[in-house]
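Read through the structure below, which is laid out as structure tokens, and then see the notes.
The values are calculated or read from the model by the stated rules, or taken from the named source; none is laboratory data. Computed from a prediction, not measured in an experiment: that's the story for all the values here. Neighbour counts run over all protein chains shown; Cβ positions are idealised from the backbone, glycine included.
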Amino acid sequence: MTGKTLVEIPGPAGGRVLGNLQEFSTDPLRFLTACAREYGDIVRISPRNVLLVGPEHVERMLVDRNTDFVKEGPEARRAGRRQSLPLSTMSADREDWKAKRRRIQPAFGRELSATAAAAMRGQGERMLEQWRPGQVRDLQQDVSVVTLRLVTALMFGEEYTDSEIAEVAGMVAPIMELSASPVVLPEWLPTRRKLQIRRNLRRVERTLARVAASGRAADPKAAPVLHALLHGTPTPTPAEVKDELATLLMAGYETTNDAVVWASVLLARNPDAAERVHREAEKALAGNATGMALLGELPYTDAVLRESLRLYSPVWMTSRDAQVDVKFSDYVIPAGTTVTVSQWVNHRDPRYWKQAEEFRPERWLGKEPTDVPRGSYFPFGLGPRTCFGASLAAVEAVSLLATVWSRYRLRLAAPEVRLRPALALQPLDARFTVEAW
Ligand code: HEM
């Protein structure tokens, strides 16, 4: 294959020992944005790591040439990027991934979303029972209880007790705190955080084992996801069941919470949009429609969610390792290179988005979004490895936003909400004062 080589790709030089590691670790969002603005659509950010910016490159990596890349190549292992739950669909590659995804994905169809839509209103109302006007609430905390209750009920056919919910939440936090930074730490290095994660995982494993052994797994209606997993082909080993269930809990929990909280932060900062969500939700919830039909009556709330997934995409970067040499425009990226794309960078690229930094839900109600190339908006990924929980997440988030904002107006209690780009893009200090409309 001919073309310019890796060393010819433009990019920041960085320090002699650590390269750009420090800049990346201090403020990865700013670093990636600066790289894109300064060096263009393909940037060498370290001797073995390339950032792809152009939407056509994103599409090429995640869709057209996806089989040329793996999630867990030797580079990922060397950089300590390996997942804590290696036997899950999310961590698997090639034929193993295909079989795992085929086993579980069918359970995430329309029926699951419809069940979620039907259950969500009650769950949201239950959350609001604890709220009083004038209170300051930690929304992240409140929403996490709702999403965990819903996800465990949907997947496993039983609602977790409050102490089990607290246990799972305790497991997710330290994993999420693991920075996505490509810091080169040997995998075996027993950092304090890794030990804590292992301890938490063991506790949650016991809960998951009990769920897996419960009679509910036999009933696809009561526990669709657990049934698909345990009765699917190939039959999973107990270790696989544990990794798969724990991953689904995590994948379906933190990201959805972050999406709801970021949307609420944006609504609190944009009173006109908040008012519009309030009116739409109040009207829809007062009517007879339920489940998916009710969601159909919330187009503006849905647009608010899409717009906040654009500005604050919970998944803010995605990496793969090249398995073979792959050509991107004039350059040949050699096998073994880690290739990264960033939702944060592409979702705010002013070349493709009008008023890119502004919160404008209306852009999703007209023809504007069809103007942007596919690789400019990918909060749920693109191509064969797209998130199969996307519809479920949207149902949860839109229902919850409508339930909350129909009843209350939320005002930010802290002057600033900080961003923490950990495994997901978390809002810090997202506390709100509850006010009656
Ligand atoms: C707003 C909420 C969510 C966001 C933003 C989100 C985002 C994503 C993204 C970007 C990917 C692709 C990652 C990549 O290409 O490397 C992904 C994959 C995945 N998501 Fe989600 N997700 C959300 C909710 C959920 C839910 C509710 C579930 C399930 C309960 C879920 C389960 C998964 C799984 C299993 C994968 C791996 C798919 C594969 O590798 O084949 N996600 N998600």
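Structure values in brief
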{"read-out": "Answer from VAL332, VAL339 - the residue that is surrounded by fewer than 21 Cβ atoms within 10 Å (Cβ to Cβ) and among the β-branched types (Val, Ile, Thr)", "value": "VAL332"}
{"read-out": "Test: residue in segment 262-285 that is small (Gly, Ala, Ser), closer than 21 Å to ARG149 by Cβ, modelled with pLDDT of 95 or more and within 16 Å of the ligand (Cβ to nearest atom)", "value": "yes"}
{"read-out": "Segment 147-162 - residue that is surrounded by fewer than 22 Cβ atoms within 10 Å (Cβ to Cβ) and within 14 Å of the ligand (Cβ to nearest atom) and, of those, farthest from ALA213 (Cα to Cα)", "value": "ARG149"}
{"read-out": "Tally of residues being in contact with a Phe, Trp or Tyr (Cβ under 9 Å, 6 or more places away or on another chain) and away from the ligand (no atom under 16 Å from the Cβ) across segment 340-360", "value": "2"}
{"read-out": "Candidate set from segment 361-381 (those that are buried (at least 19 other Cβ atoms within 10 Å of the Cβ) and of a type outside the set (Phe, Trp, Tyr)); member that is farthest from the ligand (Cβ to nearest atom)", "value": "ARG363"}
{"read-out": "Residue pairs meeting the criteria (Cβ under 7 Å; at least 6 apart or on separate chains; first under 14 Å from PRO86 (Cα atoms), in segment 244-262; second among the polar types (S, T, N, Q) and surrounded by fewer than 24 Cβ atoms within 10 Å (Cβ to Cβ))", "value": "GLU244/SER88; THR247/SER88"}
{"read-out": "Residues of segment 382-437 that turn out to be among the small types (Gly, Ala, Ser), within 12 Å of the chain's Cα centre (by Cα) and assigned to a loop (DSSP other than H, G, I, E, B), as a count", "value": "3"}
{"read-out": "Residue, modelled with the lowest pLDDT, within segment 1-59, restricted to residues that are acidic (Asp, Glu) and in a helix (DSSP H, G or I)", "value": "GLU23"}
{"read-out": "Given (1) at pLDDT 95 or above; (2) surrounded by fewer than 19 Cβ atoms within 10 Å (Cβ to Cβ), number of the condition GLU72 does not satisfy", "value": "(1)"}
{"read-out": "Neighbours by Cβ (under 7 Å, 6+ apart or cross-chain): first from segment 311-326, more than 29 Å from TRP353 (Cβ to Cβ) and away from the ligand (no atom under 13 Å from the Cβ); second aliphatic (A, V, I, L, M) and part of a loop (DSSP other than H, G, I, E, B)", "value": "GLN323/ALA335; VAL324/ALA335; ASP325/MET1; ASP325/ALA335"}
{"read-out": "Criterion: crowded, with 20+ Cβ neighbours inside 10 Å, in contact with a strand residue (DSSP E or B) (Cβ under 7 Å, 6 or more places away or on another chain) and within 15 Å of TYR408 (Cα to Cα) - qualifying residue of VAL277, VAL265", "value": "VAL265"}
{"read-out": "Selection from segment 403-436 of residues that are within 16 Å of the ligand (Cβ to nearest atom) and either within 16 Å of GLU125 (Cα to Cα) or among the basic types (Lys, Arg) (or both)", "value": "ARG420"}
{"read-out": "Residues located in segment 389-402, provided they are among the hydrophobic types (A, V, I, L, M, F, W, C) and either more than 7 Å from the ligand (Cβ to nearest atom) or crowded, with 18+ Cβ neighbours inside 10 Å (or both)", "value": "LEU392, ALA393, ALA394, VAL395, ALA397, VAL398, LEU400, LEU401, ALA402"}
{"read-out": "Wholly enclosed helices (runs of 4 or more DSSP H) of segment 272-351 bearing at least 3 residues within 17 Å of the chain's Cα centre (by Cα)", "value": "299-311, 343-347"}
